[in-house]
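Q: Mind having a look at this structure? Questions to follow.
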Amino acid sequence: MENKIIRTYRPYETTLREVARQCKTDHHTVKRVLLKNGIAIVKGKRGSFTQEHKDNISKACKGRKTWSKGKKMTKSCILKNMKAHLKYDVSLEWLNEFDDIEKLKYLNNSISRKRDYKGFTTEIYQQFIEKFYNDKKFNDLFSKWKTTKDKWMKPSLDHIQAKCNGGGLLLDNLQFISWLENRAKVDIDQKDWDSIKTRIYEYF
């Protein structure tokens, strides 16, 4: 039995439970045998769950309440979680300067697509947040959308000069407009778009 356990165990690949299953024993015995023979135990790859195992987990969790239900996370916890998921090396102290967490989350989500944040460094990211967190146009639009929940009013990140027309990711070339306006504007030059908006009723 001991020799079979030693032959079956492969560091970084097999788990103790997998060895126990193959050797028709339990993982405690496997552990004792390995330690007795001076074999270091390192975490192995866990095999994929069988459908039966997945079904059993689903049944066991059915109707179970989550630990967080009805609880409100503190600002500190939210910011720590945010920092852990950001692509940029910013400090908690810097994130803590922003009181409106929902607005901060929204700005982060607005550059979640690779095509929107391509070329962003930590410095440019911080400038982006600081600029639009205090931007009157964005704040007015964000407040209206939060109040009405009108999807057409939702703030949408726009390139003032479209990328296909040579516009880049410079902060001066970025603005927030409503989702409806952004879908209508597409790649129209900003100067032409401003002209169209003054005559918008002529197009209906």
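Read-outs throughout are calculated quantities, based only on the coordinates presented, and are distinct from any laboratory measurement. Everything numeric in this text was worked out from a predicted model, so none of it was measured. Methodologically, a virtual Cβ is constructed for each residue, glycine included, from the backbone with ideal geometry; neighbour enumeration extends over all protein chains shown.
Q: Taking region 1-90, which trypsin sites (Lys or Arg not before Pro) meet the DSSP loop condition and have no more than 10 other C-beta atoms within 10 Å?
A: Here the trypsin sites (Lys or Arg not before Pro) that fit, given the DSSP loop and packing criteria, are K24, K43, R46, K62, R64, K65, K69, K71, K72.
Q: Let me know the charge dipole size of region 2-47 about its Cα centre in debye, to the nearest 20, where only the beta-carbon of Lys, Arg (+1) and Asp, Glu (-1) is charged.
A: Dipole of region 2-47, to the nearest 20 debye: 80 debye.
Q: I've got another one for you. Quick check: convex hull over the Cα atoms of region 2-47, volume per residue in Å³, rounded to an integer?
A: Measuring per residue, one finds 58 Å³ for the Cα hull of region 2-47.
Q: Now a separate question. Report the charge-dipole magnitude of region 8-143 in Debye, nearest 20, computed about the Cα centre from +1 at each Lys and Arg Cβ and -1 at each Asp and Glu Cβ.
A: 980 debye
Q: While we're on this one: For K191, list the lysines whose Cα falls under 28 Å from its own Cα; do not include residues on the same chain fewer than 8 positions away.
A: The reachable lysines, counting only those whose Cα sits under 28 Å from K191, are K114, K118, K131, K136, K137, K144, K151, K154, K163.
Q: Let me ask another. The list (i) 84, 46, 26; (ii) 50, 42, 28; (iii) 86, 40, 38 gives values of Cα extents along the principal axes in Å, and only one came from this structure; which label was calculated from it?
A: (iii)
Q: Among the aspartates and glutamates, which fall within straight-line cross-link reach of K36, defined as a Cα-Cα distance under 15 Å, with same-chain neighbours fewer than 8 residues apart omitted?
A: E2
Q: Pull up the cross-link candidates among the lysines for K72, meaning alpha carbon to alpha carbon under 18 Å and not fewer than 8 places away within one chain.
A: K80, K103, K105
Q: Residue by residue through region 82-99, which ³J(HN,Hα) values in whole Hz follow from phi under the Karplus form 6.51 cos²θ - 1.76 cosθ + 1.60 (θ = phi - 60°), with glycine and proline marked x?
A: Each residue's phi maps through the Karplus curve to give 4, 4, 5, 9, 6, 7, 10, 8, 10, 8, 5, 4, 5, 4, 5, 6, 9, 6 Hz.
Q: Could you give log10 I(q)/I(0) at q = 0.22, 0.24, 0.26 Å⁻¹ for region 55-146, computed by the Debye formula over C-alpha point scatterers of equal weight, without solvent?
A: -1.16, -1.31, -1.45
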